[in-house]
Structure formats: structure tokens, C-alpha cells
Protein chains: 2
Amino acid sequence: MNAASADQPAPRRSKPDVVDAAMSVLAENGIAGLSMRRIADELDVQVSALYWHFPNKQALLAAVSARMVTGESDAESDAPDLTATATALRDRLLAHRDGAEVVSSSLALGLLDLPARQRLVDAALAAGLTDAAAEVAADTLVHYVIGFTFHEQQRVHAAVIGAADASVDLSPARLASPDASPDDDFAAGLALIVSGIRSAAVAGR
Amino acid sequence: MNAASADQPAPRRSKPDVVDAAMSVLAENGIAGLSMRRIADELDVQVSALYWHFPNKQALLAAVSARMVTGESDAESDAPDLTATATALRDRLLAHRDGAEVVSSSLALGLLDLPARQRLVDAALAAGLTDAAAEVAADTLVHYVIGFTFHEQQRVHAAVIGAADASVDLSPARLASPDASPDDDFAAGLALIVSGIRSAAVAGR
DNA sequence: ACCTGAACACCGTTCAAGT
DNA sequence: ACCTGAACACCGTTCAAGT
């Protein structure tokens, strides 16, 4: 039907095209289904073609991660705020299927720069921390945001698979306060850390 | 040499034997090299034999995780202490190659009970938090410990592979205070959270 | 009860060769 | 510069069959 009549100049793909394809495969299949072959299929290309654009899968994943955590809102936030920046990072991760896991691995491998981290450092400095303490505070918040969101997103996946039974599916925190949502739990834990950071500012004076 | 002369009664393996084999494969090859086939080889058994003992790889990993985080020191600690319990959990994770990653996935899938979490809840209650706040505090600490250690252990791996260059290999915190070790950074972040928890105890009174 | 042997449906990565 | 086609060395899981 289309083999002989095709007169197209054979469309060539760019790096951003590959990232686009990877992100749509991720959205549809999750990180477990994000294979190089599926990405290639999405682009109507052979798997080996991907290796001209990226040296390996991790590098492609790092580019996907950068897309997730980098955006317009970076310049908007005028006054640096710990809670707002941490919450915005969480929202970014939640906006993509398995976002926390993808970002976590790129970050740990040193393949990703997290813009939110610098904003957290600035906010901590503005709160009165020393340079060294501000770095520690930023890393603590980043670990908390990614850890919490990773856990939350993996649980969604586990629920779909049915791997965990109903009793385990409820986190212990939910038993203590049955009305709390993940958002509330996240905010409560975040408030704890931010409060600790404020104390450090006072103590370090 | 040994095929015809073998008179052994064909040794059968138990569940703990499989976990033993998995842990030694993990120690030698890391989580990336922890395959069902390598575990089977370690036991001198066919891969399919593993599926009589465990329904799938995740269940085996959960049993490995439980070994890592459960131990004798659980009953020893008389007075519940937030800092000591969090530090002890970190030490457990560090004691095994890729320990944080293995435990993290089992935990997120709801396949692992973390004894340290209950001890953290108890410590938070003893510090004066409400029931709901103590659960949040425990989860916050668990996320921090696992997130920090996971990041640290992945970086070790990245350094071995040589994936990250030297400039990225140094965390930003290290640039600010060049003498700080991972242990110091961990302790500093932990102190931040514990301080926040103490504030919550005062505020909730 | 515990394990073998063989298969199924996949993986990431490499590489000569084409245009 | 960008991609194909084919191969290499792996995966997790299933299942009939053996003892």
C-alpha cells in the first residue's frame, strides 16, 4: 500500500525527537516498559539508530530527566522560598509517570543538574544559614522530596499490579490519621524539615 | 571425574539458602548483576528451581531486604532515640552493596516491614509528638536516610563505571566545605530534621 | 516436595554496511 | 550525518516432566 508509492525524503530525527518519543513511551508504559526498542518503534526507526543520538540508555534517561525538572517557572519565582520550591519540585515529578524514579537515578549518577537545588540553596541562604549549612539543607530537602514522591509513585504501580494486599497498601501514617492525603503527609514532613532549617539559622547566628 | 562416582543424596535447598546465595551474588556483582541465573549458578541449580522457593524476583529481593534491615540490635536499644535509630539504619544499608536501592524498592512495593520505622515512631512519641505527627516524623526520617544513602551508594557505582567526570563527582556540598565526609553531611542533615521534630513537639503542646 | 530441561518473549549494545 | 540489518550476550518467567 505504501511501500512503493512512498516518495517521502526519509525524515531524520533530532535529539529532542528521541526525547519526545521516550517521554511518550514512559507515559504509556511506565519505566518498566521504557525500552530502547519501544522508543525506536515510536520513532519508526531501528533500535541501533538511537545510539547515534545517545551513547546509551542512561544518557537518554538523563535528557528525559532534564526535561522533567527544567522549565519556565525557574525564572518566575522572585523571592526564594523553601516550601514553595520543594512543593514545585514534587509537582514536577508527579506530573510524569515514575518521574521520581527516573530523576533519582539520573541525579545519583551525576548526569543531571537540578535547578531546584540551587533555588533551595538561595532560599536557605536568605533564611540566614551559612554557605555549608545551606548546601546541607538543600540536599536534605531534595532527598526528602524525591524519596517521598518515589515511594508514592511506586505504590501506585504496586496497587495496579496488585502486588501489595489492601492492609499493606495503607501506609501506617494513614491508620493514625485516616483523612490525610499524600499531599497532606508530604506537606507535614516538609514543614518538619523547614522548621529544622529555621532553627539552624537562629542557632548559627 | 565426579559424574559417575557421585553418591551424594542430591542436596535440597531451603528458602534461607536461596537468600544466602542472592546476598553473595549481590556482594560480588551489585544489584545490576543480581540475576536469577547467577543466583541459580551460585546454588548449582537450574533457574527454574528458584521459582519453587519464591514466586518471583521481587519476592526474593524482599527476603534479602528483610535480612539487611532486621537483626539482633533491635531489642538492645533501650531508650528510643531518633538520631541513633536513623544512624543505625544507615549503617545497615551501607553494610551491603546497593543496600539502599534494594531496600527502597521492597519498601515502596509494600513487601517489607522496616523495624526501624516503629522505633522511630516510639522515639517521636517519647519526644512529645502526637500519634499522627510521630508517624509523619518517622516517614520523613526513613525517606531521608534511604534517599541519602541510595544517592551515596549510586555515586560509588558511578565512580567505578567512570560515568561521571571528576567535577560532577564532587557534590556541591563538598565544594562549600571540602573537609566534610558523607558521614558528616548525613549527620548534619539528620540534625536538621531532628531539630524540626523537636520544634513540632513544643508547638503541638 | 523439589528440581531439570527447554522454551517464550523479551532486553541493551555493537558494528559493518548502506545512503 | 543518519540509519539499517543482523548479531551477541544476556534477561524474568512458565511449564511439562522427572524423582
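Exactly one of these conditions fails for B:Ala59: (1) buried (at least 18 other Cβ atoms within 10 Å of the Cβ); (2) within 12 Å of DNA strand D (Cβ to nearest atom). Give me its number.
(1)
Taking region A:148-165 as the region of interest, how many residues are of a type outside the set (D, E, K, R) and modelled with pLDDT of 80 or more?
Qualifying residue count for the region: 6.
If the requirement is being part of a helix (DSSP H, G or I) and either modelled with pLDDT under 95 or among the hydroxyl-bearing types (Ser, Thr, Tyr) (or both), which of these qualifies: B:Val194, B:Val168?
The match here is B:Val168.
Spot the failing condition for A:Ala40; the list is (1) more than 30 Å from A:Leu141 (Cβ to Cβ); (2) surrounded by fewer than 18 Cβ atoms within 10 Å (Cβ to Cβ), and only one is missed.
(2)
Name, by its number, the condition in (1) away from DNA strand C (no atom under 16 Å from the Cβ); (2) modelled with pLDDT of 95 or more; (3) surrounded by 15 or more Cβ atoms within 10 Å (Cβ to Cβ) that does not hold for B:Ala27.
Result: B:Ala27 fails condition (3) only.
Only residues that are within 14 Å of chain A (Cβ to nearest Cβ) and near DNA strand C (Cβ under 6 Å from one of its atoms): list them for region B:37-55, please.
None; the set is empty.
Confirm whether A:Leu111 is in contact (Cβ under 8 Å) with a residue 40 or more places away in the chain, away from DNA strand C (no atom under 15 Å from the Cβ) and touching a helix residue (DSSP H, G or I) at 6+ places or on another chain (Cβ under 8 Å).
In short, no.
Can A:Glu101 be described as touching a helix residue (DSSP H, G or I) at 6+ places or on another chain (Cβ under 7 Å), buried (at least 16 other Cβ atoms within 10 Å of the Cβ), closer than 27 Å to A:Ala191 by Cβ and among the acidic types (Asp, Glu)?
In short, yes.
Considering only helices (runs of 4 or more DSSP H) fully contained in region B:21-134, which possess at least 1 residues that are more than 27 Å from B:Arg155 (Cβ to Cβ)?
B:36-42, B:47-53, B:57-69, B:73-76, B:115-126
Condition first: more than 17 Å from the chain's Cα centre (by Cα), at pLDDT 95 or above and more than 17 Å from A:Ser48 (Cβ to Cβ). Now tell me which residues in region A:7-24 satisfy that.
Within region A:7-24, A:Pro16 is the sole residue that qualifies.
The values are calculated or read from the model by the stated rules, or taken from the named source; none is laboratory data. What you see is a predicted model, and the numbers here were worked out from it, not measured in a lab. No Cβ is skipped: glycine too gets one built from the backbone with ideal geometry, and neighbour counts run over all protein chains shown.
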